[in-house]
Amino acid sequence: MLYTKWLNLKPALSGVNVIKSQRFGYSIRKITDNILETIVPVSGYIKTIYNTSFDVKANGYLFNFNTDESRLHPLSVLIDETILNYIHPETRVRIDKKDISIGQIQLHLDYIIPDITYNHKLIFLRPYNLKILNSGLKISKKLSSFFDDIASVLSNIKIQLKNRFLDSNEYIKYFGGGDGLTPSFDDFFTGLIFTDRVLHNNYIKADEYFFKTLFTKTTLPSFYQLKFASQGKLSLLFERFMNNFLYSKINTKEVLMCMNTGHSSGTNILYGINFYFTNCAK
């Protein structure tokens, strides 16, 4: 849900954006609101612009401003797509508790999106849902070939999951490996630890030393994705998928929607989720 108020917004003329007296609405997740309570105000700049979103680096944090609600993670802001027409790299951004400024554009908080709560786990549905998930992964051509090169590593992870303890530090050299802005191994491990935390198993150890080292090994988006996953959080798309996986029958369409995240990231995350459920979920 996003409410937006428009006042005298004029498009670019001769390459110059002309903006007068405008205010836009934005929405955030409840967890985002809680995080902002402790860190705002923060100031920074637009680091990267994508087709439907952009990243803002501010005070060491990486915020994502997105036009798609399903893509919101714990440091995301939901905005109207029109704003994408009036930004450029290095545009200054200030984020406060209920107001955000992006260059000359002012945004005000309209709506807080409730977070998902996992209340019950219907174990008898898992065989059916795993079958649907496996079928999607088998027909996918997006799973990274990187995993073929680390077959022995995956075998070791499988053994440790079955034994109910895995220390992330043992695999630190593999983080940053593979393709994409969030590398293949990172996405796979994201699926593992996200599932582990949602189920409250805590079989996977990811301590402060691990994240300190991880920061030097991988990309900033991947670092935060893994940090969120270690807290049982991802984008709303994957959290809703997990909620449906645990409490109802999933369908192929839901699997494909997750697979369409990034070039191969969504598929690699699902591979991690499937790997965890197959090998150790109680």
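Read-outs throughout are calculated quantities, based only on the coordinates presented, and are distinct from any laboratory measurement. Small disclaimer: the values here were computed from a predicted structure and weren't measured. In this analysis, Cβ positions are derived from the backbone assuming ideal geometry, glycine residues included, and neighbour counts consider all displayed protein chains.
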For the Cα atoms of the chain, what angle does the longest principal axis make with the long axis of helix 184-198, in degrees from 0 to 90, nearest 10?
-> 80 degrees
Inter-site label distance for Asn202 and Lys217 at 7 Å from Cα along Cβ, in nm | 2.2 nm
Using every Cα-Cα pair within the range 23-148, state what percent have a distance larger than 23 Å.
-> 44 percent
Where does helix 30-39 land angle-wise versus the long Cα axis of the chain, in degrees 0 to 90, nearest 10?
-> 70 degrees
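For the range 61-160, which GluC sites (Glu not before Pro) are both in a DSSP coil and crowded by at most 10 other Cβ atoms within 10 Å?
Glu90
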Distance between modelled label sites at Glu170 and Ile49, nm, 7 Å Cα→Cβ extension = 4.6 nm
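Taking 0.36 nm per residue of separation and subtracting the Cα-Cα distance, what length does fully extending Asp148 through Leu125 add?
Here the segment from Asp148 to Leu125 would lengthen by 5.3 nm.
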For the range 107-244, using Cα atoms only, the Rg and Dmax in Å read 16.0, 51
Protection proxy (average C-beta count within 10 Å per residue), highest first, orders 261-270, 151-160 as 261-270, 151-160
Name all residues of the range 92-135 having a backbone nitrogen under 20 Å from the label point set 7 Å from the Cα of Glu37 along its Cα→Cβ direction, giving them as ranges.
-> 95-100, 109-118
Which residues qualify? For Arg23, with a placed amide H closer than 5 Å and at least 5 residues away or on another chain, they are Leu7
Take the alpha carbon gyration tensor of the range 241-282, find the square roots of its eigenvalues, order them as a ≥ b ≥ c, and report rounded if a/c is under 1.5; if not, report prolate when a/b exceeds b/c, else oblate.
-> oblate
Looking at the square roots a ≥ b ≥ c of the eigenvalues of the Cα gyration tensor of the chain, which shape do they give, rounded for a/c under 1.5, prolate if a/b is larger than b/c, or oblate?
-> prolate
The range 181-217: chymotrypsin sites (Phe, Trp or Tyr not before Pro) in DSSP loop, at most 15 other beta carbons within 10 Å | Phe215
Which of Tyr174, Gln104, Ser144 sits closest to the plus end of the dipole of the chain, meaning its Cα is farthest towards the positive end, when Lys and Arg get +1 and Asp and Glu get -1 on the C-beta?
-> Ser144
When DSSP beta bridges are limited to those with both residues in the chain, what percentage is antiparallel, rounded to the nearest 5?
-> 70 percent
Where does helix 265-279 land angle-wise versus the long Cα axis of the chain, in degrees 0 to 90, nearest 10?
-> 30 degrees
Inter-label distance, nm, simple model (7 Å from Cα along the C-beta direction), Ser135/Gln104 = 5.5 nm
Phi angles of the range 212-227, converted by Karplus (6.51 cos²θ - 1.76 cosθ + 1.60, θ = phi - 60°) into ³J(HN,Hα) in whole Hz with x for Gly and Pro, give 5, 6, 4, 4, 8, 9, 9, 7, 5, x, 5, 4, 5, 4, 5, 4
Integer Hz, Karplus 6.51/-1.76/1.60 couplings in order for the range 127-133, x for Gly and Pro = x, 5, 5, 5, 5, 5, 5
Say R0 is 30 Å: what FRET efficiency, to the nearest 0.05, do Ser70 and Tyr209 get from their beta-carbon distance?
-> 0.35
